[in-house]
1. Suppose we filter segment B:285-323 for residues that are touching a helix residue (DSSP H, G or I) at 6+ places or on another chain (Cβ under 7 Å) and more than 11 Å from chain C (Cβ to nearest Cβ); how many remain?
2. Given the criterion within 9 Å of chain B (Cβ to nearest Cβ) and open to solvent by 50 Å² or more (accessible area, probe 1.4 Å), identify the matching residue among C:E32, C:E22, C:E10.
3. Would you please list the contacts, defined by Cβ atoms under 8 Å and residues six or more apart or on different chains, that run from a residue in segment B:311-340 that is closer than 17 Å to C:L338 by Cβ and free of Cβ contacts under 8 Å to residues at least 24 places away in the same chain to a residue that is open to solvent by 80 Å² or more (accessible area, probe 1.4 Å) and among the acidic types (D, E)?
4. Within segment A:241-249, does at least one residue satisfy the condition of being in contact with a Ser or Thr (Cβ under 9 Å, 6 or more places away or on another chain) and among the small types (G, A, S)?
5. I'm told C:K261 meets every condition in (1) open to solvent by 70 Å² or more (accessible area, probe 1.4 Å); (2) within 14 Å of chain B (Cβ to nearest Cβ); (3) not small (G, A, S) except one. Can you identify the failing condition by its number?
6. Would you call A:L84 facing chain C (nearest Cβ under 9 Å), closer than 29 Å to C:A219 by Cα, surrounded by fewer than 23 Cβ atoms within 10 Å (Cβ to Cβ) and touching a residue at least 40 places away in the same chain (Cβ under 8 Å)?
7. Can you go through A:G222, A:G180 and tell me which one is closer than 15 Å to A:Y141 by Cβ and either without any contact (Cβ under 8 Å) to a residue 60 or more places away in the chain or crowded, with 24+ Cβ neighbours inside 10 Å (or both)?
8. Looking at segment B:131-154, which of its residues are within 21 Å of the chain's Cα centre (by Cα), surrounded by fewer than 24 Cβ atoms within 10 Å (Cβ to Cβ) and more than 14 Å from chain A (Cβ to nearest Cβ)?
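The values are calculated or read from the model by the stated rules, or taken from the named source; none is laboratory data. Everything numeric here is computed off the predicted structure, so don't read it as measured data. Neighbour counts run over all protein chains shown; Cβ positions are idealised from the backbone, glycine included. Ligands, DNA and RNA are stripped out before the accessible areas are found, and what is left, the full protein with its side chains, is counted by its heavy atoms. Shrake-Rupley method; radii C 1.70, N 1.55, O 1.52, S 1.80 Å.
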Amino acid sequence: MKYTALQIAEILGGQVEGNPDETVNNITRIEEGKPGTLTFLANPKYTTFLYSTTASVAIVSKDLVLDNPIKLTLIRVKDPYRSLAKLLSLLEQLPDRDRLEEPCWISPSATVSKDACIGAFSYISKGAKIGNNVRIFPHVYISENVTVGDNTVIFAGARIHHNTQIGKNCIIHSGVVIGGDGFGFAPQTGSDFTKVPQIGNVIIEDNVEIGSNTCIDRATIGSTIIRKGVKLDNLIQVAHNVDIGRNTIVAAQTGISGSTKIGENCLIGGQVGIVGHLTIADGSKIAAQSGVGQSIKKGATAQQGSPSFDVIPYQRSYVLYKKLPELQDRINKLEAALDRLNAD
Amino acid sequence: MKYTALQIAEILGGQVEGNPDETVNNITRIEEGKPGTLTFLANPKYTTFLYSTTASVAIVSKDLVLDNPIKLTLIRVKDPYRSLAKLLSLLEQLPDRDRLEEPCWISPSATVSKDACIGAFSYISKGAKIGNNVRIFPHVYISENVTVGDNTVIFAGARIHHNTQIGKNCIIHSGVVIGGDGFGFAPQTGSDFTKVPQIGNVIIEDNVEIGSNTCIDRATIGSTIIRKGVKLDNLIQVAHNVDIGRNTIVAAQTGISGSTKIGENCLIGGQVGIVGHLTIADGSKIAAQSGVGQSIKKGATAQQGSPSFDVIPYQRSYVLYKKLPELQDRINKLEAALDRLNAD
Amino acid sequence: MKYTALQIAEILGGQVEGNPDETVNNITRIEEGKPGTLTFLANPKYTTFLYSTTASVAIVSKDLVLDNPIKLTLIRVKDPYRSLAKLLSLLEQLPDRDRLEEPCWISPSATVSKDACIGAFSYISKGAKIGNNVRIFPHVYISENVTVGDNTVIFAGARIHHNTQIGKNCIIHSGVVIGGDGFGFAPQTGSDFTKVPQIGNVIIEDNVEIGSNTCIDRATIGSTIIRKGVKLDNLIQVAHNVDIGRNTIVAAQTGISGSTKIGENCLIGGQVGIVGHLTIADGSKIAAQSGVGQSIKKGATAQQGSPSFDVIPYQRSYVLYKKLPELQDRINKLEAALDRLNAD
């Protein structure tokens, strides 16, 4: 690739500030920028690098105010991060897939669309239906009666268990397990447990992305549901009968216990735990490492802590947690002062 | 399936209350019940749904007291959850397995019983022994000298490393890694580390279930042991030389560090961390997200917190943690009042 | 194996104290020692077992002072744990690998050295380069243009995505995913998100070990870097553009968010979370379950808590957290006493 600042500005619908003929042949991060490369400023935290970078062209916000002279050419856009996404998608090159690599195992009763790609060592069980333009990488396991919607990509080594339904335009990363048994046991005589069979399934709607080694368990009865546009990071646990609302984003290593229903447009940090049978309102924000023990009924609030509560009082308490030795000192002094008063 | 309430009551040894000829053809959750379906009430939290559900028949506890009129037929049983487990096991249909799917890779020196099933692309190394009625799904790796007991099921993509012993009636879910190296390094000259080879193994006793993507490391020397009836959820870390006692249940994403010995009948919540070289008494309960830093010597106690201590004082402290701003205010006022007194 | 105490002392450069002709034929842990076996005392916590063990020979520190009579022969060495590592490496027997097991899938444009071993059902994509003496176990996925340095071992079911570079003498355990997409989304019109393509890669330098089911995401732009000698335990999350410095050790289930730079020789406990875009100084120690929310600028300090701060004040506050009910009582009493004084 070799583009001028002007060409890139036209792709992005942005304005050039500086030399429109400046050429770039690669993208670099602003803290690592090199001459002849394009960089971008999406996170204000990195603004100081704009004055020192040796990159030749930078994509910045149309509202950015410069505090110092700069050496490079700017392309001003409405949303630098979204513009970056657009540029990167032009550059991205996923490995090509052949239609069918041998050996793979496809049941005679499976339906595989004519333009789907199935990688070597992948396994498509009976009754499975693989949509148009689906790309299945090697070592993927698709169990009985699974359906995979059009344009979905399933990376190497994902396991999709029986009766799972996956929508269109989804991305399932390596090592993901969808539809493993939920964790349910009924106490038996003595201290043994009987397994409660898990006869439900998992439904993944359209435009969902599921990160590496994340696990989504099948429902005991009914369905575990991941709704349209949800993005799950790596190593997340989603238990049986959970329901995650549209466009909710969940960061890595979070665990959601059985039958909990999470609203739309929530932002859930990393390593969060949410206990079972709760309802989390639309637009909730949960800080990383929080433990949510009660339903969140009011929408668009934020919580922190384990057990979690509203983020502002949580942080107020945490400031005082750090000052506990000082508070104790003050109590000690009060007691001593009172003793003196009483002794008078 | 199509059953009358009376037929189901006979299967479960329960009593019909209402119309014994009411028929059902599916099971639904009580909050989603539809006409013509059977539902159940196992968690008292959902009792209100009993009065509004449109399901036709419900399995409930023999001790349930009705506060309002109901429209559906009840089947009263001793333990609704256990009755549900019984019914579901009649309905469950795991994917069929053929005896041997091609291609699979079986060492000439491995012993595979005549009625075991080996899925396509599975790998059975030399010296491995696969018992009667074992079902191995596709993409499973069984390394050298592994033994798998009768009736055990190993789902797609599990990895069982050399010398692991797995008992009878176990269920190993997708992506599980058993017998990976323990995490041991000895400081070398400078700041480098030398790997401590891990020459022990893992022993999984009978009736153990291990959830998706859980990791159980081999012992440095000796064995990491998961005893009879233990149930491990998804994404759990069990380090080298850990020993987990009979019928202990561990929820998802918990981590147990090296050489820790956990008693029988413990209930360990999700995202718990337990440091190495501890002993946890029989019947211990550990709340989710707790960090256990010291051995628990007294049986059947409960802990919470990070680091954890007894749950009752923990929760008492946590209530006051939330009130720290108020406590600080009271200290401020005391100081002001004392100042006034001293000024008098 | 059958060795005398003297032979072992010579291998380790140690001194025999007791019977140099005492023979042993196995290694046991000191709390489980049996006659005819060699044991070791590396953790002072286990010293009492030295006086009761029935093992025949023990490796101990040259500085160990005996408080009681012992029955076994000692071999005194400078560093017992390192000596153990040396002995175990003589005993360790990894499964043999054949050069090429069939079926495997190797692209004609891949370069596989003559003495590398490729397990059955493994997949080597186009442009990949596999170095000398590399051992690749079954079910491994090596995507396009991946390079694997000499002597590296990749266990069953690891997935290495396109353009990843792996150095020499690395160990990649089962279920590891290297080079999955970073988790980046740009808000779109309404509440939808657009995926930010991840066009960078992952670089793993020499002598790195990566535990089972750990995930290391590719960079958005540039590289996610795991530097020489780093040891990562199981089920760890390393996000896009993270950089982990030399010889840093990270325990299981820790998560490191995007673009964070971790120094050399750090010790990071289990289940730690580190937020994105931070810098962690060389030699930092982070206690298990901590949540690091700010950069750590001073080297060789220790932190604890969520959010974390210096370990000493953290623990001081935690002692008082446990005493909050007592502090509240004291405030109650002060208020009562003041009321009495004011009433006077």
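1. So the count comes out to 4.
2. On the way: C:E22 fails: within 9 Å of chain B (Cβ to nearest Cβ); C:E10 fails: within 9 Å of chain B (Cβ to nearest Cβ).
After applying the criteria, what remains is C:E32.
3. That search, which allows pairs on different chains as well, returns nothing.
4. no
5. So the condition that C:K261 fails would be (2).
6. Working: facing chain C (nearest Cβ under 9 Å): yes; closer than 29 Å to C:A219 by Cα: yes; surrounded by fewer than 23 Cβ atoms within 10 Å (Cβ to Cβ): no; touching a residue at least 40 places away in the same chain (Cβ under 8 Å): yes.
Spelling it out, it is not the case that A:L84 is facing chain C (nearest Cβ under 9 Å), closer than 29 Å to C:A219 by Cα, surrounded by fewer than 23 Cβ atoms within 10 Å (Cβ to Cβ) and touching a residue at least 40 places away in the same chain (Cβ under 8 Å).
7. Values: A:G222 fails: closer than 15 Å to A:Y141 by Cβ.
On inspection, the qualifying residue turns out to be A:G180.
8. B:G149
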